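Single-structure report; data block below.
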Amino acid sequence: MDNRPSDPKKEDYAIFLKEITKTFPNGTVANFGITLGILKGEVHAILGENGAGKTTLLRMISGILKPDSGEIFIDGKSAKMRDPMDASRLGIGMVHQHFTLIPEFTVRENVALVLAESGWLDLKKVDAKIVEVSEKMGIEIDPEAKIENLPVGKRQLVEILRLLCRDVKILLLDEPTSVLTPIEVDSFFRIIRDLKSSGKTIVLVTHKMKEALKISDRVTVLRGGRVIRTVPTTEADEALLASLVVEGLAAPPVVKRGTPGDPILSIDSIIVKDDRGRTAVDGLSLVVRAGEIVGIAGVAGNGQKELVEAISGLRRVESGIITLSSQDITNKSTRFIIEKGLSYIPEDRMHRGVVLTMGIHDNLALKCIERPPMSKNWVIDRRSMINYAERLISDFSIKASDPCMSVENLSGGNIQKLIIARELSNGGTFLIAEQPTAGLDIKASEVVHQRLIDLRSRGAGILLVSSDLDEIIKLSDRICVMFGGKIVGEFFPENLDLERLSRAMLGAE
Amino acid sequence: MSDRYVVSRGTKRSIIKALLSVLLTFAVTSVILLMSNVNPVLAFIYMFQGAFGDINLLSETLVRTSPIMVVSLGLAVSFKCKVWNIGAEGQLYIGAMLGTIVAIGIGGGLLSLLCALFVGAMGGLCWAAVPALMKVKLGINEVITTFLMNFVGIYLVQWMISYPFRSPDTYFPESAAVPASSALMIILPGTRLHLGVALALALVPIIYFLMERTTFGYKVNVVGENPEVARYGGIKVGKIVFASLIFSGVLAGLAGITEVMGIQYRVRGSLSPGYGYTGIVVALLGNNNPLGVALSSIFLAAIMNGSSTLAWAMNIPMGIVDLMQGLLFIFVLASEPFIRFLEGRGVLRL
Ligand SMILES: Nc1ncnc2c1ncn2[C@@H]1O[C@H](COP(=O)(O)OP(=O)(O)OP(=O)(O)O)[C@@H](O)[C@H]1O
Ligand SMILES: [Mg+2]
């Protein structure tokens, strides 16, 4: 079935891509001969495995990158965009895969940043705009709130709000839902539907088949930089899409529950404050045993971030005790805690997980640089670093052209794989996994799930913090619900009462 | 592995930035020379001759290069860590003063020289340790503290050479001369080219090794690029920031004492014509890369020395040195946004 559109001038297309090819200076062909039409007023989902070229495609439509060959038509007219401003003038706006908000700035300041076209800043006008748009979106946002103090779900909404404060007709959304909870996704989709009914065109990249099926009108699947197929959503189902995205996807393995042993991590009534000095973790106690995965469920912003930071030594514990492998690690240095066996996959991968400007080999060695074979007597053995990088790149199927390439040139999902590779390979006995599969394609997610289970079977304890409830239910031996800085409920995945779990997450239990 | 040694994109970029800054500096200087009725082509020929014209001039340029290079190699390390040490000038003076006192105190000989060099380096270290502590313990911005410590240091040294350590046999405020037997050896007879110059050159591969091949260099890089990742990775950020700042102090102090032991033989108020500040321009121009810094030091030294020939031959003020240094500084700082603008316009593809 060939349903490739042929007439670029047709007025129905908001975006028409004709034979677009993009090769990066290092020789990676990210997009090859892409021909694709996005209809006006449709929600068009783009699926594809990590490194398939989705982000690259959107970045060309938004004027950040220039195609090597091919032509882009906007509203039927050939558009030669030199920079994002040109795209913006054509009514194109993009929400990037990784946050582009300035964390130290408030919501208002971040919005002002894109509105200040005339060079003159009228904060009253900015506020009015924020109020107007947030009301239209049906969300509540405090213009005074600092971005770094907002949970990721809120940040994502601010990204979109900022886009809508400008006058955009075409929205390019690169994995906007990857860190949202199901509830947040629902309200996010409501916003998308409203936008659609007000005539906007939306291109949405996602790895979640369910979401694509739920929200989109048509779906395009990319693989290896080429369009595999475009199908109307009504004619697609999960199995079909999955088979288009990755070849030979094995059936997910049966998850056997672990056999918990002795406690590895014990937390005894700790109190932790957030950046603004308010109590975020309020007398919480928790035990994670060897060979056990404990899932933390909860709406973002209920102290999960502060809890994780307290365990990993990145945030002060006001009172209470944390022990790891029967050693007191309360307010010890991160270095000490890592030596006692902590591995940690952070949710904020771009700011905490990797140094973007450094090489893959440098980033993979972050936690073992002081140990042989990476270094001896302070002298680094580069050969070992590169060997190690090459090994992990192939073990974890990271798509990279060279083990020393700078991490900023990896695709989002591959950066995530790199972090996972590092954290699962340093021999830790206790792992904190925050959103471990955010941004990973279905195959890679399965692999990571399997690896977490293997790690548990080898006797490690895992604390899984995820907004993806399905993931928590699938992997956890025990689910703790966090609300208002406390554990308010404990559930077991067998005979799970979802109703009660959801109520607990909202603090109503 | 092999393509690691091919010039990377980042390196290419910084080379283009440096060349662009140099070019613009010469261009603007030319305009100013033209306005004062001086033929710029002729002026730059004089300048070149003044710097490299014969073996004597060449060795003088190398002598000038040495303190600049030592200072800027140290600054490159702290800048890599994104620690802005503006206080090398003061660290240099304190190092020179303390080293000189020790050299005179011990008397002549190799021991005296070695002790002087060591104490000079430690003097720079201590002077940098004050702002380093204030930064790490109290969170006070080092730009301000290091800069202000310059004045404290320089005036302190001036007081010392005016009163307690003033040479009894001269009219000017200056210290006594260090014993001749403890001075740095002349390595090219008939010139002032001394062993210190060779030591400065030897520092280039040493600093390169330190930054590229040791865990310290690795940590400095990580902290400079993203302190949050460093903290997460178990690197003690405060310690690295402290270490990189005092390390630049050590080299500044060393630059000061080698200048005394190799060239001036005593501490005067005019010991350094602003090497501590020149070092900032040099480190930035060389993109904090030891090799780039080495080349930039020679370049700046050549401008300094060449300008005196130029000033004498064409009767223009020596201020041309400061003019060019200032322009260079501005253009180096402006080159990044400028290059990005060119890339955005598609003029340049890197
Ligand atoms: N600036 C760059 N330089 C070199 N290669 C790049 C650059 N940006 C992306 N690539 C490569 O191009 C390919 C496609 O990347 P892209 O970011 O478009 O993938 P993606 O489909 O968005 O993947 P993900 O789902 O992981 O986000 C990847 O192999 C990536 O490594
Ligand atoms: Mg992407």
Which numbered condition trips up A:GLU306, out of (1) within 14 Å of chain B (Cβ to nearest Cβ); (2) open to solvent by less than 50 Å² (accessible area, probe 1.4 Å); (3) closer than 26 Å to A:VAL179 by Cα? (1)
Is it true that A:GLU509 is open to solvent by 10 Å² or more (accessible area, probe 1.4 Å), in contact with a helix residue (DSSP H, G or I) (Cβ under 6 Å, 6 or more places away or on another chain) and modelled with pLDDT under 95? yes
So A:GLU104 clears everything in (1) within 16 Å of ligand 1 (Cβ to nearest atom); (2) under 30 Å from B:GLU228 (Cα atoms); (3) within 14 Å of chain B (Cβ to nearest Cβ) except one condition, right? Which one? (1)
Positions within region A:345-387 being at the interface with chain B (Cβ under 8 Å from one of its Cβ atoms), open to solvent by less than 30 Å² (accessible area, probe 1.4 Å) and of a type in the set (Val, Ile, Thr), in sequence order: A:VAL354, A:VAL355, A:ILE369, A:ILE380, A:ILE386
Please tell me if A:ARG315 is out of contact with any strand residue (DSSP E or B) (no Cβ under 7 Å at 6 or more places or on another chain) and within 28 Å of A:ALA504 (Cβ to Cβ). no
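Residue-wise test of (1) of a type in the set (Lys, Arg); (2) within 14 Å of chain A (Cβ to nearest Cβ); (3) touching a residue at least 12 places away in the same chain (Cβ under 8 Å); (4) assigned to a helix (DSSP H, G or I).
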site	(1), (2), (3), (4)
B:ALA198	no, no, no, yes
B:LEU203	no, no, yes, yes
B:GLU212	no, yes, no, yes
B:PHE216	no, yes, yes, yes
B:VAL220	no, yes, yes, yes
B:GLY224	no, yes, yes, yes
A:LEU324 fails exactly one of (1) crowded, with 22+ Cβ neighbours inside 10 Å; (2) farther than 22 Å from A:LEU464 by Cα, namely (2)
Name the single residue, out of those in region A:38-61 being in a loop (DSSP other than H, G, I, E, B) and within 13 Å of ligand 1 (Cβ to nearest atom), that is most open to solvent (accessible area, probe 1.4 Å). A:GLU49
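State all residues of region A:64-82 that are of a type in the set (Gly, Ala, Ser) and either assigned to a strand (DSSP E or B) or crowded, with 23+ Cβ neighbours inside 10 Å (or both); if no residue qualifies, say none.
Once the filter is applied, which keeps residues that are of a type in the set (Gly, Ala, Ser) and either assigned to a strand (DSSP E or B) or crowded, with 23+ Cβ neighbours inside 10 Å (or both), region A:64-82 yields A:SER69, A:GLY70, A:SER78.
Being open to solvent by less than 40 Å² (accessible area, probe 1.4 Å), part of a helix (DSSP H, G or I) and away from chain A (no Cβ under 14 Å) narrows it down to one residue among B:VAL71, B:VAL41; which is it?
B:VAL71
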Among the numbered criteria (1) touching a His at 6+ places or on another chain (Cβ under 7 Å); (2) within 16 Å of ligand 2 (Cβ to nearest atom); (3) facing chain B (nearest Cβ under 9 Å), which one does A:CYS404 miss? (2)
Quick count over region A:414-435, residues being within 16 Å of ligand 2 (Cβ to nearest atom) and either modelled with pLDDT of 95 or more or surrounded by fewer than 17 Cβ atoms within 10 Å (Cβ to Cβ) (or both), is 6
Quick count over region A:97-135, residues being in a loop (DSSP other than H, G, I, E, B) and touching a helix residue (DSSP H, G or I) at 6+ places or on another chain (Cβ under 8 Å), is 10
Across region B:228-251, which residue is farthest from A:ASN426 (Cα to Cα) among those that are among the β-branched types (Val, Ile, Thr) and assigned to a helix (DSSP H, G or I)? B:VAL250
Do we find a residue being closer than 29 Å to A:THR35 by Cβ and within 16 Å of ligand 2 (Cβ to nearest atom) anywhere in region A:149-158? no
Mind checking which residues of region A:18-29 are surrounded by fewer than 24 Cβ atoms within 10 Å (Cβ to Cβ), away from chain B (no Cβ under 14 Å) and either within 14 Å of ligand 1 (Cβ to nearest atom) or without any contact (Cβ under 8 Å) to a residue 12 or more places away in the chain (or both)? A:THR21, A:VAL29
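The values are calculated or read from the model by the stated rules, or taken from the named source; none is laboratory data. Quick caveat, the model's predicted, so the values are computed rather than measured. For neighbour counting, all protein chains shown are included, and Cβ atoms are generated from backbone atoms with ideal geometry for every residue, glycine included. With ligands, DNA and RNA removed, areas are computed over all heavy atoms of the protein, side chains included. Shrake-Rupley method; radii C 1.70, N 1.55, O 1.52, S 1.80 Å.
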